[in-house]
1. Of all the residues that make up the stretch 108-124, how many are under 23 Å from residue 17 (Cα atoms) and part of a loop (DSSP other than H, G, I, E, B)?
2. Please give the number of the condition residue 71 fails out of (1) without any contact (Cβ under 8 Å) to a residue 60 or more places away in the chain; (2) away from ligand 2 (no atom under 15 Å from the Cβ); (3) in contact with a strand residue (DSSP E or B) (Cβ under 8 Å, 6 or more places away or on another chain).
3. Only one of 63, 79, 59 is over 13 Å from the mean Cα position of the chain (by Cα), in contact (Cβ under 8 Å) with a residue 60 or more places away in the chain and more than 15 Å from ligand 2 (Cβ to nearest atom). Can you tell me which?
4. Just to verify a result, which residue in the stretch 82-105, among those that are touching a helix residue (DSSP H, G or I) at 6+ places or on another chain (Cβ under 7 Å) and touching a residue at least 60 places away in the same chain (Cβ under 8 Å), is farthest from residue 41 (Cα to Cα)?
5. Which one is farthest from residue 48 (Cα to Cα) among residues in the stretch 114-133 that are buried (at least 19 other Cβ atoms within 10 Å of the Cβ) and near ligand 1 (Cβ under 9 Å from one of its atoms)?
Ligand code: IDP
Ligand code: MG
């Protein structure tokens with residue numbers, strides 16, 4: 001069984017989509033093994049998204065992710081990383097497949113409702129970032 005990190009971003013939290021997104025995860029047989037609602041400081045987001053620090057959207061991304069509460073979850077399933085990316089859909093909601101979370105709920109490329117780890121290495125790092133025990 002694999003684990004991945006999922007975040008429900010501020011745009012979705014603000015629209016009270018937490019329950020709807022969690023029910024999509026459960027319907028797709030993800031087990032939510034850990035979860036916490038947090039309001040991140042900008043410096044936390046800067047560290048979390050350090051891989052993107054040279055991108056033109058980095059500063060906006062860090063401001064946005066620290067603009068309101070988010071729900072951070074550890075998801076467990078066979079091939080959880082790829083399976084979660086599949087149900088999330090493409091980064092840009094306009095390009096996401098029908099039925100995906102981003103197609104259904106995403107507003108724009110930045111306000112795309114959810115984050116999901118993209119590799120085993122990053123999943124491990126990201127889970128450890130939020131749940132160091
Ligand atoms: P991902 O979330 O699908 O893995 P990444 O390329 O890792 O996409 O980008 C991280 C986040 O940065 C995206 O989810 C999105 O919120 C934001 N982002 C990515 N590309 C752009 C862009 O071109 N403009 C604005 N924001 C972007
Ligand atoms: Mg990514």
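What follows is calculated from the coordinates using simple rules that are stated; it is not laboratory data. If you're wondering where the values come from, they're calculated on a predicted model, not measured in any experiment. All Cβ positions, even for glycine, are placed from backbone atoms using ideal geometry, and neighbour counts span all protein chains on display.
1. First, pick out the residues of the stretch 108-124 that are under 23 Å from residue 17 (Cα atoms): 108-118.
Retained after the next criterion (residues that are part of a loop (DSSP other than H, G, I, E, B)): 108-113, 117-118.
Within the stretch 108-124, residues that are under 23 Å from residue 17 (Cα atoms) and part of a loop (DSSP other than H, G, I, E, B) number 8.
2. Single failed check for residue 71: (1).
3. Details: 63 fails: in contact (Cβ under 8 Å) with a residue 60 or more places away in the chain; 59 fails: in contact (Cβ under 8 Å) with a residue 60 or more places away in the chain.
Matching residue, one of 63, 79, 59: 79.
4. Step one: of the stretch 82-105, the residues touching a helix residue (DSSP H, G or I) at 6+ places or on another chain (Cβ under 7 Å) are 87-90, 93, 96-97, 100-103, 105.
Adding the requirement that they be touching a residue at least 60 places away in the same chain (Cβ under 8 Å) leaves 87, 101, 105.
Working: 87: 28, 101: 26, 105: 25 Å.
Only one residue tops the list, namely 87.
5. For the stretch 114-133, the residue satisfying everything is 114.
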